[in-house]
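Quick notes on the structure that follows.
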Amino acid sequence: MSRVPLRKALADLPPYVPGARVPVGAAAFKLSSNENPYPPLPSVVAAIADAAVDVNRYPDMYATELVEAIAASLGVAPESVVAGCGSVAVLGHVLTAVCEAGDEVVLPWRSFEAYPIAVTLAGAEGVRVPVGADGRLDLEAMAKAVTSRTRAVLVCTPNNPTGPAVRADELARFLASVPSDVLVVLDEAYVEFVRDEEAADGLAAFADNANVVLLRTFSKAYGLAGLRVGYAVARPRLAAGIRAASTPFGVSHVAQLAALASLRARDELLRRVGSIVTERSRMLDGLRRQGWTVPDSQANFVWLPLGDHATAFAERCTHAGVLVRPFAGDGVRVSVGEPEATDLLLEVTADWSRR
Ligand code: PMP
């Protein structure tokens with residue numbers, strides 16, 4: 001056994017539980033990782049194949065062409081965009097770029113399970129602020145949790161795993177009350193699925209507030225979870241800091257070209273997002289008709305606040321051929337996928353309510 005000591009902080013690191021891996025060809029619907037159920041478009045597969053012949057070379061370190069295309073699509077300067085190996089890695093780089101040891105990072109809880117891990121690994125201390133019973137972030141309480149030691153606040157909108165998006169008026173009040181030297185990270189991993197007209201517009205918040213950083217990803221709406229491409233949008237000075245803190249060559253050549261091809265096919269991919277949103281409504285309506293109390297969802301998943309029954313319900317789902325994600329003692333997150341998966345899920349939930 002190795003006698004090399006590990007960093008003490010690792011001992012308390014909460015686990016990041018990956019969704020179960022489903023063998024290719026298995027009948028189960030995998031609704032446990034908020035993935036896009038649809039395979040890449042032929043044009044994206046072709047881009048991946050074309051890129052494969054160059055993998056003896058290092059990729060473009062800063063993913064220049066992709067960054068320029070992202071910037072153009074958002075109407076921001078290319079200097080403001082930093083690409084990385086999934087937005088979860090980019091979050092780590094953002095925190096590493098701003099946190100000194102012992103700084104505080106305010107975060108909602110329950111929220112994305114990678115947050116406490118990323119905060120701890122950045123050498124900072126997480127300050128958790130409970131999410132309301134309606135699954136909404138309590139931005140007022142989060143603003144109150146900011147102290148002179150706070151370096152950053154994580155705002156997950158829509159919130160994983162509970163579903164609602166932050167409203168524009170709430171965000172405006174929040175940003176007005178947080179000091180301008182505290183970084184506000186708006187994690188918009190699911191932004192393309194938002195349909196709530198009152199939801200905050202992250203890009204507008206970024207335009208108006210120099211301490212706002214956006215985090216976005218190609219994993220969800222664009223269906224490239226397996227290729228790991230995410231990015232941050234920040235003021236050029238902050239972006240340069242995030243780039244400096246990033247893993248060199250963090251986005252592979254294959255991933256860069258696939259993401260570019262996905263941006264070119266954006267209209268078609270966003271139509272798929274539209275059908276997932278339709279399924280989301282069908283799932284929420286079906287659950288509510290069965291008597292379930294579920295929070296609003298503006299993302300590609302739905303939250304079932306099952307408390308102590310979470311694990312048992314998830315096991316029941318697995319038996320029925322649909323994999324979902326339990327958070328023991330709290331609830332179950334069900335990703336929205338194909339219509340057949342919604343049908344099956346609603347059968348299990350109807351059965352469960354009749355117990
Ligand atoms: N942010 C949130 C809120 C998420 O739910 C996820 C994925 N589960 C991510 C970021 C990370 O996505 P990726 O690393 O695949 O870009």
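Just so you know, all these numbers are worked out from the coordinates, no wet-lab data involved. Everything numeric here is computed off the predicted structure, so don't read it as measured data. Heads up, the Cβs are rebuilt from the backbone with ideal geometry, glycines too, and the neighbour counts pull from every protein chain shown.
Taking 0.36 nm per residue of sequence separation and removing the Cα-Cα distance, the R237/Y16 pair yields an extension gain of 76.4 nm. Approximating the spin labels as points 7 Å out from Cα along Cα→Cβ, the A225-to-A133 distance works out to 3.2 nm. Over the chain, what is the relative contact order in whole percent, taking alpha-carbon pairs under 8 Å and six or more residues apart? Relative contact order of the chain: 22 percent. Neighbour counts of other Cβ atoms within 10 Å put E347, E279 in the fewest-to-most order E347, E279.
Give me the percent of DSSP beta bridges within the stretch 42-264 that run antiparallel, rounded to the nearest 5.
Values: 9 of 27 bridges.
Given both bridge residues lie in the stretch 42-264, the antiparallel proportion sits at roughly 35 percent.
Taking 0.36 nm per residue of separation and subtracting the Cα-Cα distance, full extension of the segment from A101 to D343 would add 82.2 nm. Computed over the chain with a Gaussian network model linking Cα atoms closer than 10 Å, the most mobile of V178, V212, V94 is V178.
Principal axis analysis of the Cα atoms in the stretch 166-323 yields extents of 51, 42, 32 Å, listed in decreasing size. The ranking of Y38, Y62, Y222 by Cβ neighbour count inside 10 Å, starting from the fewest, reads Y38, Y62, Y222.
Please work out the FRET efficiency for the pair A145 and E65, using the Cβ-Cβ distance as r and a Förster radius of 56 Å; give the result to the nearest 0.05. Plugging the Cβ-Cβ distance into 1/(1 + (r/R0)^6) gives 0.85. Springs join every pair of Cα atoms under 10 Å in this Gaussian network model of the chain, and among A11, A232, A152 the largest mean-square fluctuation is at A11. Computed over the chain, the range of Cα coordinates on each principal axis works out to 57, 56, 51 Å, biggest value leading. For the stretch 35-175, the Cα-based Rg and Dmax, in that order, read 18.4, 53 Å. Once the Cβ-Cβ distance of Y38 and D181 is raised to the sixth power relative to R0 = 45 Å, the FRET efficiency obtained is 0.60.
Annotation for E198 and L6: the two label points, set 7 Å from Cα along the Cα-Cβ direction, are 4.5 nm apart. The stretch 293-355 and the stretch 87-160 have their alpha-carbon centroids 27 Å apart.
Calculated mean residue ellipticity at 222 nm for the chain: -11500 deg cm²/dmol, from DSSP H runs with n ≥ 4 weighted as -39500 (n - 2.57), summed, divided by the residue count and rounded to 500.
Please work out whether the stretch 127-209 counts as rounded, prolate or oblate from its C-alpha gyration tensor, where a ≥ b ≥ c are the square roots of the eigenvalues and a/c under 1.5 means rounded, while otherwise a/b larger than b/c means prolate and anything else oblate? It is oblate, given that a/c is not under 1.5 and a/b is not larger than b/c.
By the beta-carbon count within 10 Å of each Cβ, the least crowded to most crowded order of H93, H253, H319, fewest first, is H319, H253, H93.
Using 0.36 nm per residue and subtracting the Cα-Cα separation, the extra length available between E113 and T293 on full extension is 62.5 nm.
Computed from label points 7 Å out along Cα-Cβ, the spacing between D351 and D54 is 5.0 nm.
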